[in-house]
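Chemist: Right, I'll just put the structure down here and ask away after.
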Amino acid sequence: MSSSRFTPSAASPASSAQNSPVDSDRLCARGLSCERDGRELFTGLDFQLPAGTALQVEGANGAGKSTLIRTLIGSASDYRGEILWRGRVFPGSLSSMRSELLYIGHHAGVRRGLSPLENLAWYGAAAEDAMAALDAVGLYGFEDTLCQQLSAGQNRRVALARLYLPAAPQLWILDEPLAALDVAGVESLESCMRGHLQRGGSVLLTSHQPVNIQPLVKVNLADFQPQESHLEAEYGV
């Protein structure tokens, strides 16, 4: 599916209560354009992210995927157009959105002087829940090892363990979450995301890899390049 809009069918895991006027499109962009270093990366981007739905942002390196992510979480403000959370426009709704957000970016974002168990405890996880989450990402036996002694891939899994904790926030924004995972790790994470959608959560992710979750909407930033970028790509001008 290549459309940037998805309307849940009657069989969608999102219930009618979750699809109330306020909640049906939790995160929404209207005519969004973003720049980096004075260069417009994409323009006129529209999408809607209903409850129980995942949206995969695609595009070549440099197309603006990470810039879009930073804009959506409020870390970048150089954009035109509108971003809405539960029907309210940014920046007025940004703090409300962040209170329901779980964001994992390119960098693991773990505290290297703490152990994996201590990192999850810092996020308020009970010891039993943290141990189960670390086991789910293949870190059983490393729970008390300082993160500074773990590999980059293991630190990435410490960050991803947050997705396996009970009562995770409703909105997940994940920048290349499948990167550096083996086959078993990818299958486990996809299963985790499917469960989140079935519980009425929402996922927005970037990925160069196929993602086996449904309902899934795909948006390719190449479809929203500025006109001059299209001309450069086609004619080399």
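Chemist: Going residue by residue through segment 57-71, is there one that turns out to be aliphatic (A, V, I, L, M), open to solvent by 40 Å² or more (accessible area, probe 1.4 Å) and either part of a strand (DSSP E or B) or closer than 18 Å to Val219 by Cα (or both)?
Modeler: The initial filter retains those residues of segment 57-71 that are aliphatic (A, V, I, L, M), namely 57, 60, 63, 68-69.
Pick out the ones that are also open to solvent by 40 Å² or more (accessible area, probe 1.4 Å) and you get 60.
Checking the rest, the ones that are also either part of a strand (DSSP E or B) or closer than 18 Å to Val219 by Cα (or both) come to 60.
Among the residues of segment 57-71, at least one is aliphatic (A, V, I, L, M), open to solvent by 40 Å² or more (accessible area, probe 1.4 Å) and either part of a strand (DSSP E or B) or closer than 18 Å to Val219 by Cα (or both), which makes the answer yes.
Chemist: Residue under question is Gln154, and the condition is that it be modelled with pLDDT of 95 or more, more than 13 Å from the chain's Cα centre (by Cα) and within 18 Å of Leu117 (Cβ to Cβ); does it hold?
Modeler: Against the criterion (modelled with pLDDT of 95 or more, more than 13 Å from the chain's Cα centre (by Cα) and within 18 Å of Leu117 (Cβ to Cβ)), Gln154 does not qualify.
Chemist: Show the residue pairs that are 6+ apart or on different chains and have beta-carbon atoms under 6 Å apart, the first residue being within segment 182-211 and free of Cβ contacts under 8 Å to residues at least 24 places away in the same chain and farther than 19 Å from Leu101 by Cβ, the second being open to solvent by less than 10 Å² (accessible area, probe 1.4 Å) and of a type in the set (Lys, Arg).
Modeler: Final answer for the pair search is none.
Chemist: Next up: In this structure, does Leu178 turn out to be within 13 Å of the chain's Cα centre (by Cα) and in a helix (DSSP H, G or I)?
Modeler: Details: within 13 Å of the chain's Cα centre (by Cα): yes; in a helix (DSSP H, G or I): no.
Judged against the criteria, Leu178 is not a match.
Chemist: Okay, moving on. Go through segment 112-142 and report how many residues are in a loop (DSSP other than H, G, I, E, B) and either polar (S, T, N, Q) or open to solvent by less than 30 Å² (accessible area, probe 1.4 Å) (or both).
Modeler: So the first thing to find is which residues in segment 112-142 are in a loop (DSSP other than H, G, I, E, B), and the list is 112-115, 123-126, 137-142.
Keeping just the survivors that are either polar (S, T, N, Q) or open to solvent by less than 30 Å² (accessible area, probe 1.4 Å) (or both) gives 115, 125, 137, 139.
Residues in segment 112-142 being in a loop (DSSP other than H, G, I, E, B) and either polar (S, T, N, Q) or open to solvent by less than 30 Å² (accessible area, probe 1.4 Å) (or both): 4 in total.
Chemist: Scanning segment 151-172 for residues that are in contact (Cβ under 8 Å) with a residue 12 or more places away in the chain and under 15 Å from Gly124 (Cβ atoms), which turns out most open to solvent (accessible area, probe 1.4 Å)?
Modeler: Pass one, segment 151-172, residues in contact (Cβ under 8 Å) with a residue 12 or more places away in the chain: 152-166, 168-172.
Checking the rest, the ones that are also under 15 Å from Gly124 (Cβ atoms) come to 161-166, 168-169.
Values: Ala161: 0, Arg162: 46, Leu163: 4, Tyr164: 55, Leu165: 27, Pro166: 81, Ala168: 27, Pro169: 42 Å².
Only one residue tops the list, namely Pro166.
Chemist: If a residue must be within 23 Å of Gln209 (Cβ to Cβ) and in contact with an Asp or Glu (Cβ under 9 Å, 6 or more places away or on another chain), how many such residues does segment 72-105 contain?
Modeler: So the count comes out to 3.
Chemist: Ok, one more. Checking Ala121 against (1) aliphatic (A, V, I, L, M); (2) closer than 22 Å to Val203 by Cα; (3) at pLDDT 95 or above, which single condition isn't satisfied?
Modeler: For Ala121, the exception is condition (2).
Chemist: Continuing with the same structure: So which residues in segment 78-93 are out of contact with any strand residue (DSSP E or B) (no Cβ under 7 Å at 6 or more places or on another chain) and touching a residue at least 12 places away in the same chain (Cβ under 8 Å)?
Modeler: In the first step, residues of segment 78-93 are kept if they are out of contact with any strand residue (DSSP E or B) (no Cβ under 7 Å at 6 or more places or on another chain); the result is 87-88, 91-92.
Within segment 78-93, Gly87, Pro91 qualify.
The values are calculated or read from the model by the stated rules, or taken from the named source; none is laboratory data. Computed from a predicted model, the values in this text were never measured in an experiment. Glycine gets a Cβ as well: all are built from the backbone with ideal geometry, and neighbour counts include every protein chain shown. Quick note on the areas: whole protein, heavy atoms, side chains included, nothing else; ligands and nucleic acids left out. Shrake-Rupley method; radii C 1.70, N 1.55, O 1.52, S 1.80 Å.
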